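First up is the structure itself, then whatever we jot down about it.
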Amino acid sequence: SARRLPTTANVQLPDQRADAPTYVRTSSNGTGAVPTQVSDNANADSAAKPLSEALNLRPIDSSVKTLQINETSDTSKASEPAAEPIQTNGPEVKTPENVPAVTVPSAELQLPVAMPMLKAGEKTKIAVMVNSSAAFRSAVLGLKFDQTKLVIRSVSFGDIFGSTIANTAAAPFLNQNGKMFVLLALKEGNVATTTGVLAFVEVEALADGKVDISLEKDALNLLGADGKNFAVKF
């Protein structure tokens, strides 16, 4: 009979009163929780407020704002004078003062106006003249001709190079397919005069007729001792 008795104790507590105090957390000052009684009116006001206001949240400002940037202290460009406009439609062109103009030396090459008539096998010498604005040190002479009617046998220095070198042979570096290129140069210094015979060209006729020979513009070149190229015309 004793074993049939229940061994679990049921304890029923009395109902909690409505005005009992409620425990809430105060500021973290190390004193722990302090019992504070919250009235029913306060609970009702808190329930009526929005969640964001109850949590003390502020909306994010997504409006566009203008960034204010202060000017730097660099005033070096402020003292520079304004650039003057360049006149492009006027007839007069102004250049800076005290700037020397760059001059390019020039030279003109000429062949004899009247070419001789030759029979096949005959030879003659053609003098190539030069007239330059300044003394030069070297020259490249280029000639073109009909290789079926004419052939160049030799080239020699002209009188403009001085008596010690004039009439001495100059070996062409190209003499085929109707073209002949030769370099005429002094070892040092410039020519003594700016006008005279640049070269003597010996030609031989392969057929009867007038000697037909002309200057090759792509090969013509004169060079001064200072390294300046001449503007060559013919």
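The values are calculated or read from the model by the stated rules, or taken from the named source; none is laboratory data. Just so it is clear, the model here is predicted, and its values are computed rather than measured. Counting neighbours? That spans all protein chains shown, and the Cβs are built from the backbone with ideal geometry, glycine included. Accessible surface areas use protein heavy atoms only, side chains included; no ligands, DNA or RNA. Shrake-Rupley method; radii C 1.70, N 1.55, O 1.52, S 1.80 Å.
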What do you reckon, is Ala114 open to solvent by less than 40 Å² (accessible area, probe 1.4 Å) and out of contact with any Leu (no Cβ under 9 Å at 6 or more places or on another chain)? no
Return only the number of the condition from (1) in contact with a strand residue (DSSP E or B) (Cβ under 6 Å, 6 or more places away or on another chain); (2) part of a loop (DSSP other than H, G, I, E, B); (3) not small (Gly, Ala, Ser) that Lys187 does not satisfy. (1)
Subset tally (residues that are β-branched (Val, Ile, Thr), over 16 Å from Ser154 (Cα atoms) and surrounded by fewer than 19 Cβ atoms within 10 Å (Cβ to Cβ)) for the stretch 179-212: 3
